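Trainee: Here's a structure for you.
The values are calculated or read from the model by the stated rules, or taken from the named source; none is laboratory data. These figures come from a predicted structure and were not determined experimentally. Cβ coordinates were reconstructed from backbone atoms using ideal geometry, including for glycine residues, and neighbour counts include every protein chain displayed. The area values use the complete protein model at the heavy-atom level, side chains included, leaving out ligands, DNA and RNA. Shrake-Rupley method; radii C 1.70, N 1.55, O 1.52, S 1.80 Å.
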Amino acid sequence: HTLVIDVTDTQDVVNSAVLSWEAGHAVRQLGHELLAPLITLDNEPAAVDFTPASDESTGNEVVKVPDFSLPDVNETSATHGQDVSPRDYEGNVTAFYFGLATCSYCTAQFGHLDSLQDDLDANHDELGIKIVGVNMADRESHNDVITDGRDLPWLQDVDANDDGDSDAWMAWEVQLRDVVLLDRANQKISTYNLTQNDLGETGNYDHLKELLVGAATAEGEEDCENAEDEAKI
């Protein structure tokens with residue numbers, strides 16, 4: 001159900017993209033260091049209608065991810081029944097996982113993310129890292145399955161304008177099984193796709209954990225440095 005495509009530009013830089021019919025849309029961004037390329041195209045990305053991901057912020061400008069407010073449908077989540085927004089997590093490093101409740105692989109990955117949250121809470125609670133899941137619109141039928149035994153927030157996306165697209169997914173330009181990492185200012189740090197990075201494999205689990213802890217630790221150190229600089233003024 002998933003196609004991984006490598007695109008080689010004129011400088012021989014290889015970017016990869018993941019296309020899945022289950023997500024209901026075409027590839028919208030390129031990723032790096034994905035495994036097992038299936039097709040290589042010797043053209044510039046623009047020639048095959050790909051758009052490389054680019055930095056969203058320049059200088060000290062704060063560019064937040066698009067906001068949304070979606071209901072948490074996980075009955076065992078601390079925010080169950082509430083509308084949850086990315087802005088609720090400002091001040092924390094966060095990871096938003098975009099999966100399908102009707103997909104067994106997505107469900108397994110959500111379970112690994114739930115375990116990762118427990119791991120982070122037990123060993124790095126002071127960093128305040130939070131993980132949130134977002135289900136595609138019109139995939140509600142298995143919400144009880146994907147949330148069974150898991151405490152992570154599971155937000156139900158909508159298609160408010162009936163255009164056939166999942167609103168939050170479209171606004172964030174995500175692909176199926178993307179984990180989007182945000183800094184404390186709600187700015188995007190990076191994307192880690194779980195299609196080729198099964199968290200059931202220890203190396204992938206540890207890598208994502210390192211990305212989250214590293215982001216939170218680096219920002220914590222920066223906050224301390226800024227506080228020290230302000231104290232000297």
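Trainee: Restricting to segment 148-169, give me the number of residues that are open to solvent by 60 Å² or more (accessible area, probe 1.4 Å) and touching a residue at least 24 places away in the same chain (Cβ under 8 Å). Break it down stepwise before answering.
Mentor: Keep residues of segment 148-169 that are open to solvent by 60 Å² or more (accessible area, probe 1.4 Å), which gives 148-149, 151, 158, 160-164.
If we keep only those that are touching a residue at least 24 places away in the same chain (Cβ under 8 Å) as well, we get 149, 151, 158, 164.
Adding up the residues that qualify gives 4.
Trainee: Also, quick follow-up: Can residue 193 be described as within 20 Å of residue 72 (Cα to Cα) and of a type outside the set (A, V, I, L, M)? Full working, then the answer.
Mentor: Details: within 20 Å of residue 72 (Cα to Cα): no; of a type outside the set (A, V, I, L, M): yes.
Spelling it out, it is not the case that residue 193 is within 20 Å of residue 72 (Cα to Cα) and of a type outside the set (A, V, I, L, M).
Trainee: Filter segment 111-131 down to the residues that are over 18 Å from residue 205 (Cβ atoms) and in a helix (DSSP H, G or I), then identify the one that is most open to solvent (accessible area, probe 1.4 Å). Give the steps one after another, and end with the answer.
Mentor: To start, the set of residues in segment 111-131 that are over 18 Å from residue 205 (Cβ atoms) comprises 125-126, 128.
Subset that is in a helix (DSSP H, G or I): 125-126.
Numbers: 125: 100, 126: 141 Å².
Of everything passing the filter in segment 111-131, 126 is most open to solvent (accessible area, probe 1.4 Å).
Trainee: Separate question: Among the residues of segment 173-182, is any out of contact with any Ser or Thr (no Cβ under 7 Å at 6 or more places or on another chain) and over 30 Å from residue 217 (Cβ atoms)?
Mentor: Scanning segment 173-182, I find no residue that is out of contact with any Ser or Thr (no Cβ under 7 Å at 6 or more places or on another chain) and over 30 Å from residue 217 (Cβ atoms), so the answer is no.
Trainee: Just checking, does segment 38-53 include any residue being over 24 Å from residue 188 (Cβ atoms), at pLDDT 95 or above and either surrounded by fewer than 16 Cβ atoms within 10 Å (Cβ to Cβ) or in contact with a Gly (Cβ under 6 Å, 6 or more places away or on another chain) (or both)?
Mentor: No, segment 38-53 has no match at all.
Trainee: Residues 182, 212, 199, 208: which one is over 9 Å from residue 93 (Cα atoms), crowded, with 22+ Cβ neighbours inside 10 Å and modelled with pLDDT of 95 or more? Working first, answer last.
Mentor: Working: 182 fails: over 9 Å from residue 93 (Cα atoms); 212 fails: over 9 Å from residue 93 (Cα atoms); 208 fails: crowded, with 22+ Cβ neighbours inside 10 Å.
Going through 182, 212, 199, 208 in turn, just one is over 9 Å from residue 93 (Cα atoms), crowded, with 22+ Cβ neighbours inside 10 Å and modelled with pLDDT of 95 or more: 199.
Trainee: While we're looking at this one, here's another question. Looking only at segment 79-110, which residues are assigned to a helix (DSSP H, G or I) and either more than 28 Å from residue 159 (Cβ to Cβ) or open to solvent by 10 Å² or more (accessible area, probe 1.4 Å) (or both)?
Mentor: Taking segment 79-110 as the starting set, the residues that turn out to be assigned to a helix (DSSP H, G or I) are 86-89, 104-110.
Matches in segment 79-110: 87, 88, 89, 104, 105, 107, 108.
Trainee: Considering every residue within segment 156-165, establish whether at least one is over 27 Å from residue 214 (Cα atoms) and assigned to a helix (DSSP H, G or I). Walk me through it before giving the result.
Mentor: Taking segment 156-165 as the starting set, the residues that turn out to be over 27 Å from residue 214 (Cα atoms) are 156-165.
Among the residues that remain, those that are also assigned to a helix (DSSP H, G or I) are: none.
The answer is no, given that none of the residues of segment 156-165 is over 27 Å from residue 214 (Cα atoms) and assigned to a helix (DSSP H, G or I).
Trainee: Can you pull out the residues in segment 132-147 that are crowded, with 20+ Cβ neighbours inside 10 Å and outside any loop (DSSP other than H, G, I, E, B)?
Mentor: Hits for segment 132-147 are 132, 133, 134, 135, 146.
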